[in-house]
Amino acid sequence: MTGNEREFVLEQPGMPPYPYQWSNDIAGVDCTGPYYASEPPEDCTQVWGMVFSLPDNGGYLAGWSCGEMDLSGVSDHVHKSLIEAANAAEQMAKVQAEKQRIESLND
């Protein structure tokens with residue numbers, strides 16, 4: 001996957017103006033669970049994959065989120081299929097959880 005990623009807060013002004021769904025809810029997606037944990041389970045930050053649907057069958061954008069009203073990100077790369085975008089979103093969530101885990105270890 002290529003493209004630039006931008007961050008936003010989910011369900012707040014500045015988020016992409018498209019409907020979204022959690023990637024783990026999409027049938028046929030290769031995922032290890034509903035979310036990726038950035039820390040041990042007792043104090044984990046959950047990072048979820050998400051997919052935005054562009055209007056007029058214009059494709060899909062892959063992204064990740066720490067949940068509603070929380071830090072999120074989306075790539076500007078347009079995927080032609082929902083499954084392709086959902087798999088990319090899962091990978092993005094996994095990478096973001098790892099980044100957050102490394103940051104927490106450095107604090």
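Of everything in the stretch 55-107, what is at negative phi, of a type in the set (A, V, I, L, M) and over 12 Å from the mean Cα position of the chain (by Cα)? Give them in sequence order. Steps first, please.
Filtering the stretch 55-107 for residues at negative phi gives 55, 58, 60-66, 68, 70-107.
Next cut, of a type in the set (A, V, I, L, M) only: 61-62, 71, 74, 78, 82-83, 85-86, 88-89, 92-93, 95, 97, 102, 105.
VAL78, LEU82, ILE83, ILE102, LEU105, listed by residue number.
Only residues that are buried (at least 23 other Cβ atoms within 10 Å of the Cβ) and either within 7 Å of VAL78 (Cβ to Cβ) or of a type outside the set (Phe, Trp, Tyr) (or both): list them for the stretch 47-56, please. Talk me through it step by step, then tell me what you get.
Step one: list which residues in the stretch 47-56 are buried (at least 23 other Cβ atoms within 10 Å of the Cβ), which gives 47-51.
Passing the criteria: VAL47, GLY49, MET50, VAL51.
Taking interchain pairs and intrachain pairs at least six residues apart, which have beta carbon atoms under 9 angstrom, with the first residue in the stretch 94-107 and within 15 Å of TYR35 (Cα to Cα) and of a type in the set (Asp, Glu) and the second at pLDDT below 85 and surrounded by 15 or more Cβ atoms within 10 Å (Cβ to Cβ)?
Qualifying pairs under 9 Å: GLU98/TYR36; GLU98/SER38.
Consider the stretch 76-94. How many of its residues are within 15 Å of GLY3 (Cα to Cα) and among the aliphatic types (A, V, I, L, M)?
Within the stretch 76-94, residues that are within 15 Å of GLY3 (Cα to Cα) and among the aliphatic types (A, V, I, L, M) number 5.
If I filter the stretch 50-64 for residues that are over 23 Å from GLN12 (Cβ atoms), of a type outside the set (Asp, Glu) and in contact (Cβ under 8 Å) with a residue 12 or more places away in the chain, do I get at least one hit? Let's see the steps before the verdict.
Residues of the stretch 50-64 that are over 23 Å from GLN12 (Cβ atoms), as a first pass: 56-59.
After this cut, where a residue has to be of a type outside the set (Asp, Glu) as well, the list is 57-59.
Within this subset, residues satisfying the condition of being in contact (Cβ under 8 Å) with a residue 12 or more places away in the chain are 58-59.
Yes.
If you scan the stretch 57-78, which residues turn out to be out of contact with any Phe, Trp or Tyr (no Cβ under 7 Å at 6 or more places or on another chain), at pLDDT 95 or above and either surrounded by 15 or more Cβ atoms within 10 Å (Cβ to Cβ) or assigned to a loop (DSSP other than H, G, I, E, B) (or both)?
Across the stretch 57-78, the qualifying residues are GLY58, GLY59, ALA62, SER75, HIS77.
Does GLU90 satisfy the criteria of being touching a Cys at 6+ places or on another chain (Cβ under 6 Å), in contact (Cβ under 8 Å) with a residue 12 or more places away in the chain and either surrounded by fewer than 23 Cβ atoms within 10 Å (Cβ to Cβ) or of a type outside the set (A, V, I, L, M, F, W, C) (or both)?
Values: touching a Cys at 6+ places or on another chain (Cβ under 6 Å): yes; in contact (Cβ under 8 Å) with a residue 12 or more places away in the chain: yes; either surrounded by fewer than 23 Cβ atoms within 10 Å (Cβ to Cβ) or of a type outside the set (A, V, I, L, M, F, W, C) (or both): yes.
So GLU90 passes the test.
Among all residue pairs at least 6 apart or on different chains, which show Cβ distances below 9 Å where the first residue, located in the stretch 17-36, is at pLDDT below 90 and the second is among the hydroxyl-bearing types (Ser, Thr, Tyr)?
ASN24/TYR35; VAL29/SER23; CYS31/SER23
The values are calculated or read from the model by the stated rules, or taken from the named source; none is laboratory data. Quantities reported herein were computed from a predicted structural model and do not represent experimental measurements. Glycine gets a Cβ as well: all are built from the backbone with ideal geometry, and neighbour counts include every protein chain shown.
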